[in-house]
Amino acid sequence: MITAIRIEELDILLNDLFTRYGYDFTEYSKASLQRRVQRLFTLDKFPSFAEFRHRLQHDPQYFRRFVEEITVNVTEMLRDPSFYRTLRSTILPVLATYPFIRIWHAGCATGEEVYSMAILLKETGLLHKSLLYGTDINPQVIERARKGIFPVSQMQKFSENYIQSGGIHDFSSYYTANYHLAKFDNSLTGKMIFSTHNLVSDFSFNEFQLILCRNVLIYFERGLQSKVFKLFDYSLENFGYLALGAKESLRFSPIADRYRQIGKEKIWRKVHEAG
Amino acid sequence: MRRAKLMVIGGSAGSLQVIMEIMSVIRPDFPLPVLIVLHRNSIFESNLEELFASRSQAIIKEVEEKEVILPGVIYIAPADYHVLIEEDQTFSLDYSERVNFSRPSIDVTFRCAADVYGTDLVCLLLSGGNADGVEGLGYVKERGGLTVVQDPVTAEVPYMPQHALSQVAVDFVVAAGNIPAFIKGLAFLPPV
């Protein structure tokens, strides 16, 4: 019989982590967090909650593992091909009119979406005047994103997505395969800046024409979602775009009345500055 | 027996027909919320709600994150997301790794529902070709929820219910044809 982490114990843990490391997970959705914490607790075979708690408080190395394991880092290239089709057909032609394009991928995990965007920009002749910022709370995944190396086994799926999203070239021309790894072209990585950034506690660091944050807000409680929406609003130029995950919406957010949705995709355009 | 406050139905290959039959007994006055976690293939990706709506007068909708769970509503797990349930009886969506090669995973939702609803939960496991849902059903049982499995003899793909029967001391095994009536009886049981 496996010891179950109770919700009160989870609260204790989250308070510890905030006090000890300054990472605030207290406004994350509890059901998902509890599931991830339980999984880690079982995986690492702790005999009791007390020992788990002690290890986390006194072993910063283990805390890093904790952050990596409890945050969800599942992502893929050109996920939801119709979303990328809309980017290509509707959003990029508008961005093309700017002398310089700044894009922020917030919570980018291992960076697959940043690479997807770079491919789109390259094919529309915009990459040379673009900068793509990829940020995540988790330093390990940012390190992987920076390298641009992904398992070759995923390339078939990515290639299918690429074709469905309106890609016209041979997807394999963007990477070099070596045994089981695929390394993406330097012409793409040259326009990317990866850095850690915590949406809970860190501030705006630039102004963007496009911010993408897909399948991140589902892990936050409403209050935190509102805070993050305000951060995005502050970081977005007037008439800039905000893109969310397939099941996320701006609808209940405090900034909703100043944004207009683009068609059926989860893309909103900022139509008024904050008053 | 207490009246349940949530019903979760898990199904995979071969379960669609049974779910269609269940729909016909779920009317707007149905006293509890119903959540359907179905392994989908791309064929009914988009029109599952419409398909079900042709059979039931109740509100049928895809689960939205942070949504309050209401009785008389039939909720469908969206393709490619796990459905979780918060302490305050709202839904959360989760895009983490597949479980039993599945997202949505029936195990994930059964477990989460059992944590929140405990003895106030009914879970049904229908026809299917993999073991997703079995472990979760065991957990529901452990937490005092009511567990029901489609009789494998009447299942198009018997593996899933069969596996459940071999692993979990389920409360009821019901033939496909009797499931709608069983559910109706369960829901309109006078509270004790």
Response to the item:
About its Cα centre, segment A:7-70 carries a charge dipole, from +1 on Lys and Arg Cβ atoms and -1 on Asp and Glu Cβ atoms, whose size in debye to the nearest 20 is 220 debye
Item to complete: Post the alpha-carbon centroid distance, segment A:37-57 to segment B:52-68, in whole angstrom.
Response: 38 Å
Worksheet item: Hey, got the dipole for chain A? About the Cα centre, +1 on K and R Cβ, -1 on D and E Cβ, debye to the nearest 20?
Response: 380 debye
Worksheet item: For the charge dipole of the protein assembly as shown, defined by +1 on Lys and Arg C-beta atoms and -1 on Asp and Glu C-beta atoms about the Cα centroid, which residue among A:SER253, B:VAL174, A:ILE7 has the Cα displaced farthest towards the positive pole?
Response: A:SER253
Worksheet item: If each of A:PHE205 and A:SER48 carries a label point 7 Å out from its Cα toward its Cβ, how far apart are those two points in nm?
Response: 4.2 nm
Practice prompt. Sort segment A:7-70 into rounded, prolate or oblate with this rule: let a ≥ b ≥ c be the square roots of the eigenvalues of the Cα gyration tensor; rounded if a/c is under 1.5, and if a/c is not under 1.5, prolate when a/b is larger than b/c, oblate otherwise.
Written response: rounded
Item to complete: Please give every one of the lysines within straight-line cross-link reach of B:LYS5, meaning a C-alpha to C-alpha distance under 22 Å, and leave out same-chain neighbours fewer than 8 residues apart.
Response: A:LYS30, B:LYS61, B:LYS66, B:LYS141, B:LYS184
Item to complete: State the number of lysine pairs found in segment A:133-275 whose Cα atoms come within less than 28 Å, restricting to pairs 8 or more positions apart or on distinct chains.
Response: 23
Item to complete: Would you mind counting up the charge near A:THR124? Only other residues with Cβ under 13 Å from its Cβ, with Lys and Arg at +1 and Asp and Glu at -1.
Response: +3
Worksheet item: Given the rule -39500 (n - 2.57) for each run of at least 4 DSSP H residues, summed and divided by the residues of chain A, what is its mean residue ellipticity at 222 nm, to the nearest 500 deg cm²/dmol?
Response: -11500 deg cm²/dmol
Fill in: Per-residue average of Cβ from other chains inside 10 Å of B:85-96
6
Worksheet item: Picking from A:PHE239, A:THR97, A:SER116, whose Cα lies most toward the positive end of the charge dipole for the protein assembly as shown (charges on Cβ: Lys, Arg +1; Asp, Glu -1)?
Response: A:THR97
Worksheet entry | Between segment B:117-160 and segment A:94-145, the alpha-carbon center distance in angstrom | 44 Å
Worksheet item: Summing Lys, Arg as +1 and Asp, Glu as -1, what charge do residues with Cβ under 11 Å from the Cβ of B:TYR75 carry, B:TYR75 excluded?
Response: -3
Fill in: Estimated D of segment A:81-270 in µm² per second, where Rh is the Kirkwood radius over Cα pairs and Stokes-Einstein applies at 37 °C, 0.692 mPa s
194 µm²/s
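Checking the a/c ratio against 1.5 first, then a/b against b/c, what shape does the Cα gyration tensor give for chain B?
rounded
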Discussion item. Under a Cβ-only charge scheme (Lys and Arg +1, Asp and Glu -1), can you give me the dipole magnitude of chain B about the Cα centre, in debye to the nearest 20?
Written reply: 560 debye
Worksheet item: Which parts of segment A:141-167 would a label at A:GLU68 reach, counting a residue when its backbone N lies under 15 Å from a point 7 Å out along Cα-to-Cβ?
Response: A:141-147
Item to complete: Please say if segment A:1-123 is rounded, prolate or oblate, where rounded means a/c under 1.5 for a ≥ b ≥ c the square roots of the C-alpha gyration tensor eigenvalues, and otherwise the choice is prolate for a/b larger than b/c and oblate otherwise?
Response: prolate
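Can you figure out the FRET efficiency of A:GLN261 with A:ILE168, using R₀ = 30 Å and their beta-carbon distance, to the nearest 0.05?
Between A:GLN261 and A:ILE168 the formula returns 0.60.
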Worksheet entry | Residue-span extension gain [B:GLU67 to B:ASP29] - 0.36 nm each, minus C-alpha spacing | 11.7 nm
Discussion item. Can you compute the label reach from B:PHE101? Point 7 Å from Cα along the Cβ direction, backbone N cut-off under 14 Å, restricted to segment B:121-153.
Written reply: B:128-133
Worksheet entry | Loop-resident sites, segment A:207-262, for trypsin sites (Lys or Arg not before Pro), counting at most 16 other Cβ within 10 Å (DSSP) | A:ARG251
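With all pairs of different alpha carbon atoms counted, what Kirkwood hydrodynamic radius in Å does the protein assembly as shown show?
Value: 23.8 Å, from the Cα pair sum.
Here, each number is a calculation from the coordinates, and none is a lab measurement. Treat the numbers as computed from the prediction; the structure is a model and nothing was measured. Virtual Cβ from ideal backbone geometry, glycine too; neighbours counted across all protein chains shown.
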